[in-house]
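Heads up, the thing below is written out as structure tokens.
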């Protein structure tokens, strides 16, 4: 036992002297009075004071005890409680089987399952786990051997990456929640890439006994590590596919690499891979119908882990997407500058179609990648509701605000409040300049922060909370503002493209500004051509909007339930292959998913490091190597001052009752 504030106990001991002084030292002593004769004194029975003295001593003891208990409560006593894990009378046996992607090599998984069945002890309380990038609980805590054996035999391979840090975290959580010692048997191929950067991530709770059974072996392996291809292509003959082939713990070799589209082999090449190195191979030209194409680069020669010899990628073949330019200002050159910038780029995938607001009322906006409003005035009011529906369903609108827009109370569609159109004067401030430019915003990555661009006129708008201001003018007024609406977005440029309100159209940054903005709004390269297993795919950007999303997995099954299809914001990609994602407004996307190529490295962890991990649950008492790395969990102090305070309260009640009775008897 210990005291957090021992000086309070010393003060209580001093305070306890007060009742002693009052009860013992200050007792009233009556001096005897001498009488000449007692014959006139009335004779009566002499009463004893023994019982009254007994009550007096008990009362004094209660008062002493009360003061001592109060002082002890303020001293905050505690007991050094040993960790709950030391409850050795109820051990939980955990059988953990590694079923990550690398366990597909040879018969590793079958060997692991045999070892797991052998580790089951008759009559012991056990639970079965599987381990990849996440820990899965395959059975309840049970003594039923048939249930536990069935859970082990049901384990199948996954495409996940193994993570020893995630397993250690789950073991620590289980140890604390169950308040019992754990006896863990881990059957794994002990892959080196499963180790965390810091050994502290592997530490176990004191009392956890870990035994690692290694069923792996270091083997040479070749794999297609990455594939780079354009996400959207209009001319397949000009398409380029670059693949990187890697040798893990393998000698130099020549490998035949093939390119396939929709399961059809298009071409193959021989590549020389250096020892433990990488080599690249490039394919030119694809072939396939319009729509989404299922691409694959494959090593035709087999090796230790043949499942990683192919890499999936998705490509969309489509004609250049149409961009709708709604322009009411026919006497300006804004449309010419915009169309020239967008269609002149070698990377351009767009074709501009120009029309008036009245003609746009009959257009099907879903056929356009995005819509551009050049200095919209009051004429756009007739189609504003239609444009809002288009944006909320996933479309995008780019607004260039000029003098006509400055006469409106708010920016169309976006609803941003307008404070008027500002003009530069011929005085000291002859023009305005861009300031506070965010170079990470998709529209501004290659524009040189708009340096050297002079703005002579702009529309002053308010950017409320929830909007993104990518650039401001030196006056502090927003220059480029993005507002999310439903599944889509509205981008407001507080000037024009006509070389009158500014000289941006004749600056080098204008073409990349238009090109990057079009790519961003048109979702051409919004997503990668491939994802990794265990990553998350965004299904909807507006969490409050109710829109159905249908996802078909690699095996042709639905990846989402009906409830998830209507409400889920993300989807965890759990297996390699192609996911067919279909959103509202007839938007379809093919998502290629591949295994993390760190699983292709079949190098194993040294036995010394595995022993350190095994001994981490034994603390410093384990001695040896683990003693210098792992500290023993200190006993947890558990205070019981409130029990002392409760006892002091009971003592106070007893003292009050006894004192009241004593005074009544005395009266």
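Looking at the stretch 217-233, is at least one residue more than 30 Å from residue 295 (Cα to Cα) and assigned to a loop (DSSP other than H, G, I, E, B)?
Yes: the stretch 217-233 contains one or more residues that are more than 30 Å from residue 295 (Cα to Cα) and assigned to a loop (DSSP other than H, G, I, E, B).
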For the stretch 357-375, what are the residues that are loosely packed, with under 15 Cβ neighbours inside 10 Å and either on the phi > 0 side of the Ramachandran plot or in contact with a strand residue (DSSP E or B) (Cβ under 7 Å, 6 or more places away or on another chain) (or both)? 367
Here are 620, 645, 654, 633: which of them is surrounded by 13 or more Cβ atoms within 10 Å (Cβ to Cβ), outside any loop (DSSP other than H, G, I, E, B), modelled with pLDDT under 85 and outside the structural domain of residue 65 (by TED's automatic domain parsing)? 620
Any helices (runs of 4 or more DSSP H) falling wholly within the stretch 330-430 and containing at least 1 residues that are under 38 Å from the mean Cα position of the chain (by Cα): 334-344, 384-392
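Are there any helices (runs of 4 or more DSSP H) wholly within the stretch 92-191 with 3 or more residues that are crowded, with 20+ Cβ neighbours inside 10 Å and free of Cβ contacts under 8 Å to residues at least 60 places away in the same chain, and if so which? Working first, answer last.
Values: elements: 108-119, 145-153, 164-178.
So the answer is 145-153.
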Tell me, please, whether a residue that is in a helix (DSSP H, G or I) and crowded, with 18+ Cβ neighbours inside 10 Å can be found in the stretch 312-329. no
Qualifying positions in the stretch 277-311 - part of a strand (DSSP E or B) and touching a helix residue (DSSP H, G or I) at 6+ places or on another chain (Cβ under 9 Å): 284, 293, 299, 311
Matching option when the condition is in contact with a helix residue (DSSP H, G or I) (Cβ under 6 Å, 6 or more places away or on another chain) and at pLDDT below 90, among 185, 206: 206
Looking at residue 246, is it assigned to a strand (DSSP E or B), surrounded by fewer than 21 Cβ atoms within 10 Å (Cβ to Cβ) and either touching a helix residue (DSSP H, G or I) at 6+ places or on another chain (Cβ under 7 Å) or at pLDDT 95 or above (or both)? yes
The one condition in (1) surrounded by 18 or more Cβ atoms within 10 Å (Cβ to Cβ); (2) in contact with a strand residue (DSSP E or B) (Cβ under 7 Å, 6 or more places away or on another chain); (3) modelled with pLDDT under 95; (4) farther than 29 Å from residue 108 by Cα that residue 228 fails to fulfil: (1)
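Looking at residue 539, is it modelled with pLDDT under 90 and touching a strand residue (DSSP E or B) at 6+ places or on another chain (Cβ under 7 Å)?
Judged against the criteria, residue 539 is a match.
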Report the residue count in the stretch 476-520 for those that are in contact with a strand residue (DSSP E or B) (Cβ under 6 Å, 6 or more places away or on another chain) and more than 16 Å from residue 441 (Cβ to Cβ). 7
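The values are calculated or read from the model by the stated rules, or taken from the named source; none is laboratory data. Here the structure is a predicted model, which is why all the values come from computation and not from measurement. Glycine gets a Cβ as well: all are built from the backbone with ideal geometry, and neighbour counts include every protein chain shown.
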